[in-house]
1. From the list 263, 276, 254, which one is outside any strand (DSSP E or B), more than 26 Å from residue 139 (Cα to Cα) and touching a residue at least 12 places away in the same chain (Cβ under 8 Å)?
2. Just to be sure, is residue 184 exposed (fewer than 14 other Cβ atoms within 10 Å of the Cβ) and closer than 16 Å to residue 56 by Cβ?
3. Any residue in region 199-217 that is open to solvent by 20 Å² or more (accessible area, probe 1.4 Å) and over 22 Å from the mean Cα position of the chain (by Cα)?
4. Can you confirm whether residue 189 is more than 19 Å from residue 66 (Cα to Cα), open to solvent by less than 10 Å² (accessible area, probe 1.4 Å) and not charged (D, E, K, R)?
5. Does at least one position in region 117-132 carry a residue that is open to solvent by 20 Å² or more (accessible area, probe 1.4 Å), farther than 22 Å from residue 81 by Cα, of a type in the set (D, E, K, R) and free of Cβ contacts under 8 Å to residues at least 12 places away in the same chain?
6. Suppose we filter region 126-166 for residues that are more than 17 Å from the chain's Cα centre (by Cα), under 23 Å from residue 257 (Cα atoms) and in a helix (DSSP H, G or I); how many remain?
7. Being part of a loop (DSSP other than H, G, I, E, B) and of a type outside the set (A, V, I, L, M, F, W, C) is the filter here; which residues of region 193-209 pass it?
Amino acid sequence: MALPKSKDLNRAFTVVELLVVIAVIGILSSLLLPAIQKARMTADRTDEMSSARQLMIAWESYAVQYKESVLPGYKIGLRAWNESGYEIAEVSNEIAAARYPWRLAPFLNYDFRSLYRGINTKSLEEMQQMNDGSYAYAVSVYPSLGLNTTWVGGDQNELGFSPTALSNFGKFYVQKLGDIRKTGDLLVFASARGSDPTDPSASPLEGFFRVRSPRFAFGQDERWAESIDANTPSSETGHVHFRYGGSAVIACADGHVESQGPDALRDMRRWANRADSEDYGLSPQ
């Protein structure tokens, strides 16, 4: 004889019960999402800090090979080659070679994963699908960390390599490792964000080849926005991107890596070797 079916086994969920379950799931999701996002951000920052350390080893290796001369910041006419031995200026153009990624590439074994890490990894994967010329150009624009070109190595767009400027202002940017006064303070690389300079309408990516200080010449207004967060346009932060909870990864001349916010990086003593105050600006000697 068949046993009678239990009423409990046939009982369906009521609409109210379903709504309660959905509400509970929604509450749990809202509680977990910030934690997941924070964990992802922490992982990306750790990855970028690892990249910064590798970058500093390569930067120092360049100086050792070139008799203590630091990597030039930005200058048209500098030469660089890809791993197949072809000159970048011929594969792409001389602007790509002027930026630091290809000139530092031999000291990274041409592994651009060292330059495109954390939040920027996907950008490299997309670039690798391009033809050789486009790839050579694009990969020079958007490394995760930008170089402090103005004050470390020199930047032709900010008086670098100019005999007249060097005569008037003296050796205002670092050219030799021995020039550096406080290696633990001097910022060499920082988290960056920007768009291709030849296409200002392009959407910014999480990376850029140079970062610029909040001040340059004495008497000029500060170049950074008064208030800065992760959404401030990169043109108003010198391309430094404070993407990690209001902080940017920075790598200093002694090789150590840290995380700093906008207030700390407004101090010009972090940028310019000769700076003796937080509001330092370049002036004739």
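1. Answer to the selection: 254.
2. Judged against the criteria, residue 184 is a match.
3. For region 199-217, residues open to solvent by 20 Å² or more (accessible area, probe 1.4 Å) and over 22 Å from the mean Cα position of the chain (by Cα): present.
4. yes
5. yes
6. 0
7. The answer is 193, 195, 196, 197, 198, 199, 200, 201, 203, 204, 206, 207.
Yes/no matrix, rows are residues, columns are (1) assigned to a helix (DSSP H, G or I); (2) touching a helix residue (DSSP H, G or I) at 6+ places or on another chain (Cβ under 9 Å); (3) modelled with pLDDT of 80 or more; (4) among the aromatic types (Phe, Trp, Tyr):
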residue: 4; (1), (2), (3), (4): no, no, no, no
residue: 19; (1), (2), (3), (4): yes, no, no, no
residue: 30; (1), (2), (3), (4): yes, no, no, no
residue: 38; (1), (2), (3), (4): yes, no, no, no
residue: 44; (1), (2), (3), (4): yes, yes, yes, no
residue: 51; (1), (2), (3), (4): yes, yes, yes, no
residue: 89; (1), (2), (3), (4): yes, yes, yes, no
residue: 106; (1), (2), (3), (4): yes, yes, yes, no
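The values are calculated or read from the model by the stated rules, or taken from the named source; none is laboratory data. Quick caveat: nothing in here was measured; it's all calculated off a predicted structure. A quick note on method: Cβ atoms are made from the backbone with ideal geometry, for glycine too, and the neighbour counts reach across all protein chains shown. Heavy atoms of the whole protein, side chains included, go into the accessibility calculation; ligands, DNA and RNA do not. Shrake-Rupley method; radii C 1.70, N 1.55, O 1.52, S 1.80 Å.
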